[in-house]
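Participant: Questions regarding the structure given below will be posed in turn.
The values are calculated or read from the model by the stated rules, or taken from the named source; none is laboratory data. For clarity, every value in this text was computed on a predicted model and none was experimentally measured. Every residue, glycine among them, receives a Cβ derived from its backbone with ideal geometry; neighbour counts consider all protein chains shown. For accessibility, only protein heavy atoms count, side chains too; no ligands or nucleic acids. Shrake-Rupley method; radii C 1.70, N 1.55, O 1.52, S 1.80 Å.
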Amino acid sequence: MAIIIDEKNKLFHLQSEKTSYILGFLKEDFPVHLYWGNRLEATPDFNQLLIVPYRWPRSFSAVDAITDEGDRVSRDNLPIEFSTFGNSDLRMPCFHARYKDGSTVSRFSYKGHKVYNGKKPLEGLPATYVEDDSEAQSLEITLTDDLTGVSIILQYTVFEKYNAITRSYRCENNGNDRITIERALSATLDFKKCDFDMIQASGAWGRERYAQRAPLMKGDMNVWSARGASSGVHNPFFALVSKDATETNGSAYGFNLVYSGNFIAGATVDPYNATRAYIGINPFNFSWQLEAGKSFQTPEVVMIHSGEGIGEMSRRFHRLYRNRLVTSKYKNEERSALINNWEATYFDFNEDKIVSIAQKAQKGGIKLFVLDDGWFGKRDDDTSSLGDWFVDKAKLPNGIDGLCNKINALGMKFGLWFEPEMISPVSKLYEAHPDWCIHVKDRERTLSRNQLTLDLSRDDVCDYIIESVNAVLDSANIEYVKWDMNRNMSNVGSALLDSEHQGEFYHRYILGLYKVLGAITSAHPNVLFESCSGGGGRFDPGMLYYMPQTWTSDNTDALARLSIQHGTSLCYPYCTMGAHVSVVPNHQVQRVTPFSMRGNVAMPGQFGYELDVTKLNEEDFSQIREQVGFYEKYGSVFHRGDLFRLKNPEDGNITALEFISEDKNTVIVMLYSMQGLANSPVEYINLQGLEKGAVYKKTQNGEMWSADTLMNVGIPFLTDFDYKNKVWIFEKQ
Ligand code: GLA
C-alpha cells in the first residue's frame, strides 16, 4: 500500500519504493508538511513528527495556533503543506483569492479525505497517468473555508515503482458569490533547512536549457516565464540539491510543472533558515473569475526525490515520463531516422528538388522524409501565409498528396511541418479574420518573425485550427507532423474577453492549445507528432503528453548540442529530444566538426539529418548508412535504457554518457572531446550502474571487462585531436 494513514493522528504517509512523503494536521486542522526524502518504514512513532520544534514567537510574529500543550505558535515558523494568505504565515502563498467584499483573507481547514487506487485525469490539462490502478495510489484531502464556502481539494498521487509524487489541487467555489483567484500555484513545499544549491536549465533561442547551479541564500531565487509559453529562456523545472550533491551522491529534489504556458518556479529562504519551494502558473498578469458552483484545476507538478545523486533524480524523471507521461502510441516504438529539408533548402524548393533529396536519402537507409516550412499559401520567405493551410501549387504542382505518393513510392514515410497557432498579417486568413490574433483594441500589433499569434482562448479559432490541420492530414498519407510555434506573445489581449476576464487570457490560451492538441492527435493516432518552438522554445511535459518528442534546438552545432542536450536531460529523457546531423560550417555558429562527431552527438536522441544529402561528398554520405544502421540497432538502448552522465560539458573538455539497456544487457558509452590537446594524457572514464560481479564483452573487439574494472579503473580516452569521439559497446556475459 503506497498511502498509509494514521487516522487518529491524521497523518498521511505517501510511500514509494525508495521515498517517503508525509503530511499531517495540527490541532487547528491546518495541514503541515512533515517529511520528504528517503523512504521511512511505517512505524507507529510517526506521530513524533507532529511534535514540531516550535519557535517561540517573538516580536513581529503573528500568533494564531495553539498546540495541545497550550503553546502559542506562529505558522510563519512551521512547515506548511498548503499555504494561503490570511493567517500568521507571511511567506509566499500557494493560493490567494479576492472575495466579494474585496478582502483576500482565507482560512482553510480539514474537512475530509479519500484514498483510491490509480489516478484520475485532470480536467482539461495533461498529466501523468496509470495504465493499471495497482501502479499508484492517490489521496484527495478536502479543505474548506467556512466563511466563503470555497474548498480546496489537494490531489496527490504516489507512483510506487517510479518513486514519483505528483501534486495539484482543484479549487471549488461552493459559496454563493464569485471569487477572483489571483494566485494558484500548484504547490509550495517547506524544507526545514536551506543548505541547498538550486539547479535549473536556462538560455535563449539557439542555446536552450544550459544547466545552471548556484547556492540558495536568504531571499528569493526563481525562474519564470511571462512569454505565453514555457519558453527556451527558462524551463518549468528546478531541483534543490544538497551542497555535496554530484551525479552519484547526495540528495536531490526535482520539481517539474506539466504545463506549457507562463510559470514560476523557485525557492525562498526565510529568516529562520527554512526553505519554501514553489511552482505553478505565473501569478503575474493572471487572475481567474471563479463563479459560484465552478471549479479551477491547477496543473500538476511532478516531484522526484533521489538520495543517490542528481543522476538518479534524472533517471526517475526519465522512467516516469517515458512510460506514464507520453501518451502517443510511439512511446514504446523505435522511430525511423528522418531527413528534414529545412537547412537544405529553406524556402527555396520545388517538387523535383524535394524528390531528389529524398531519393538520395533513401539510398542512405533513411526511411522518413519531412517537408518543412514553405509548402503552403504563397510562402517564399517568412513574411506571409501562416494560417493558409493549403498547398502552394507553384512549388508543388501535384499537391501534398502527389508529393507524398512519390516519397512513399521510394519506400519512405512522409512528414509535414505546420505552425498552426500563428497568423501572418499577409494571409487570406488575416484578410478574413483580422480580430483572430492576440491583440488589444486600438493598440499596435507587435510582430515577431513577421507574424502574430492566433487567439486560442477563442473556440472559433481553435475550431479553425482543428479543421484546417485535420483536412491536410486527411488529404494524404502523412505519417509525421512537426508542430512549430515561432514567437512569444506580446501586447496581449483577446477581442472576446471582457475587462474582468482579460487576466484569464494566458491560461485560457493554454487550455485552448491543449484542446486543439488533444483533438488533432487523437483523430490521428498513427501520426508521429513532434513539437517545436523555434527549436526548444516550449520543451515541457505538457507538450510531451500530446507529442512524444520535441525539436530540442535550432542549433545543430555538435558542441552546443552537448550542452543543450545535457541541460535538457536533467528531467527529460533522450527519447524526447529531436537531434539531427547538419552541414558544416554549421549554420548557427559556423563551427566545423567531423561528420562522426555530429552523428554521435545526435545519435542518442530522435535521430535524423537536416542537410542536402545530394551535395554531400562520398565519404560523409557513406557514414549516413553506418549511422542509420547503428541507430536502428541500438536506438532502443538510448530511448528505453537508463542514462548515466559520466562527465558533463560544464565540467571540462570531455563529455561522456553511458546508457544501460532496459534488460541491463547492453551498455553503450559515448565519449566526446571538445578540444584536442597536443601530447594529451589518457583520461579514464569510470562507468556507473553495472551489475556487481558481471563480466562485459566489448563488442567491437571481443575484450572482456569486469564490472569492477569498468567502474573503478575506467576506460581510456585520448583527446589528442579536436572533436575526438568514440563509442564503446558492451554486452553483459
Ligand atoms: C523554426 C524551426 C525550424 C524550422 C523553421 C521553419 O525555426 O525550429 O526547425 O522548422 O522554424 O520556419
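Participant: Through the Karplus equation 6.51 cos²θ - 1.76 cosθ + 1.60, θ set to phi - 60°, convert the phi angles of the stretch 280-286 into ³J(HN,Hα) values in whole Hz; use x for Gly and Pro.
Facilitator: The phi angles translate into x, 4, 5, x, 5, 6, 10 Hz.
Participant: For labels at Gln289 and Asn477 in the simple 7 Å Cα→Cβ model, what's the distance in nm?
Facilitator: The modelled label-to-label distance comes out at 5.2 nm.
Participant: Could you please state, rounded to a whole Å, how far the C-alpha centre of the stretch 331-387 is from the C-alpha centre of the stretch 561-618?
Facilitator: 17
Participant: Given R₀ = 25 Å, FRET efficiency for Arg107-Ile5 by Cβ-Cβ distance, to 0.05?
Facilitator: 0.55
Participant: Further question: Using only the heavy atoms of the protein chains and a 1.4 Å probe, how would Asp372, Asp381 rank by accessible area, largest first?
Facilitator: Output order, biggest surface exposure first: Asp381, Asp372.
Participant: Now a separate question. Once you place label points 7 Å from the Cα toward the Cβ at Arg39 and Ala214, how far apart are they in nm?
Facilitator: For Arg39 paired with Ala214, the spin-label model returns 3.8 nm.
Participant: Within the set Lys119/Lys294; Lys10/Lys515; Lys8/Lys243; Lys114/Lys294; Lys633/Lys724; Lys482/Lys615, which residue pairs have Cα atoms separated by over 27 Å?
Facilitator: Over 27 Å apart, Cα to Cα: Lys10/Lys515; Lys8/Lys243.
Participant: Another question, then. Label point 7 Å out from Arg443 along Cα-to-Cβ: which residues of the stretch 478-499 have amide N under 16 Å?
Facilitator: Residues 488-499 fall inside that zone.
Participant: Another one. Ordering Asp145, Asp720, Asp463 from largest to smallest accessible area (1.4 angstrom probe), what's the sequence?
Facilitator: Asp463, Asp720, Asp145
Participant: Distance between the C-alpha centers of the stretch 678-733 and the stretch 111-162? Whole Å please.
Facilitator: For the stretch 678-733 versus the stretch 111-162, the Cα centre distance is 46 Å.
Participant: Using only protein heavy atoms and a 1.4 Å probe, report how much of His587 is accessible, in Å² to the nearest 10.
Facilitator: About 80 Å², rounded to the nearest 10.
Participant: Here is a follow-up. Once the piece of chain linking Asp71 and Met704 is laid out straight, how much longer is it, given 0.36 nm per residue of separation minus the C-alpha distance between them?
Facilitator: Full extension from Asp71 to Met704 adds 221.2 nm.
Participant: Would you mind telling me the antiparallel percentage of the DSSP bridges in the chain, rounded to 5?
Facilitator: 85
Participant: For Asp133 and Val713, FRET efficiency with R0 = 56 Å and r from the beta-carbon atoms, rounded to 0.05?
Facilitator: Computed FRET efficiency for Val713 and Asp133 comes out at 0.75.
Participant: Tell me, what is the 1.4 Å probe accessible area of Arg91, in Å² to the nearest 10?
Facilitator: Its heavy atoms expose roughly 40 Å² to the probe.
Participant: Please label the shape of the stretch 3-324 as rounded, prolate or oblate, based on the square roots a ≥ b ≥ c of the eigenvalues of the alpha-carbon gyration tensor (a/c under 1.5 means rounded; beyond that, a/b larger than b/c means prolate, else oblate).
Facilitator: rounded
Participant: Need one word for the stretch 649-732: rounded, prolate or oblate. Basis is the Cα gyration tensor (sqrt eigenvalues a ≥ b ≥ c); a/c below 1.5 gives rounded, then a/b vs b/c decides.
Facilitator: Judged from the Cα gyration tensor, the stretch 649-732 comes out prolate (a/c at least 1.5, a/b above b/c).
Participant: Still on this model: Between Gln590 and Ser88, what is the spin-label point distance in nm, taking each point 7 Å from the Cα along the Cα→C-beta axis?
Facilitator: Distance between label points: 6.4 nm.
Participant: Can you tell me the accessible area per residue over the chain, all protein chains present, probe 1.4 angstrom, in square angstrom?
Facilitator: Here the residues of the chain average 36 Å² of exposed surface.
Participant: Then there's this: Please state the shape class of the chain: rounded when a/c is under 1.5, otherwise prolate if a/b exceeds b/c and oblate if not, all from the C-alpha gyration tensor.
Facilitator: In terms of gyration-tensor shape, oblate.
Participant: Another question about this same structure. So what does Thr180 come to for accessible area, using a 1.4 Å probe and Å² rounded to 10?
Facilitator: Surface accessible to solvent at Thr180 totals approximately 30 Å².
Participant: Here's a follow-up. Over the chain, with every protein chain in place, what whole percent of the accessible area is carbon and sulfur at 1.4 Å, could you tell me?
Facilitator: 50
Participant: What FRET efficiency do you get for Asp459 and Tyr684 if R0 is 41 Å and r is their Cβ-Cβ distance, rounded to the nearest 0.05?
Facilitator: The computed FRET efficiency comes out at 0.10.
Participant: Could you tell me the center-to-center distance, by alpha carbons, between the stretch 278-313 and the stretch 474-491 in angstrom?
Facilitator: 27
Participant: On to the next question. Quick one: ranking Phe621, Phe390 by accessible area, 1.4 Å probe, largest first, what do you get?
Facilitator: Ranking Phe621, Phe390 by accessible area, largest first, yields Phe390, Phe621.
Participant: Related question: I'd like the GluC sites (Glu not before Pro) in the stretch 223-308 restricted to DSSP loop residues with at most 12 other Cβ atoms within 10 Å, sorted by number.
Facilitator: Sites meeting the loop and neighbour criteria: Glu291.
Participant: Still on this structure: Per DSSP H run of n ≥ 4, the term is -39500 (n - 2.57); total these for the chain, divide by its residue number, and report the mean residue ellipticity at 222 nm rounded to 500 deg cm²/dmol.
Facilitator: -6000 deg cm²/dmol
Participant: Taking θ as phi - 60°, what are the ³J(HN,Hα) couplings along the stretch 401-407 by the Karplus curve (6.51, -1.76, 1.60), each to the nearest whole Hz, with x for Gly and Pro?
Facilitator: 4, x, 5, 4, 4, 5, 5
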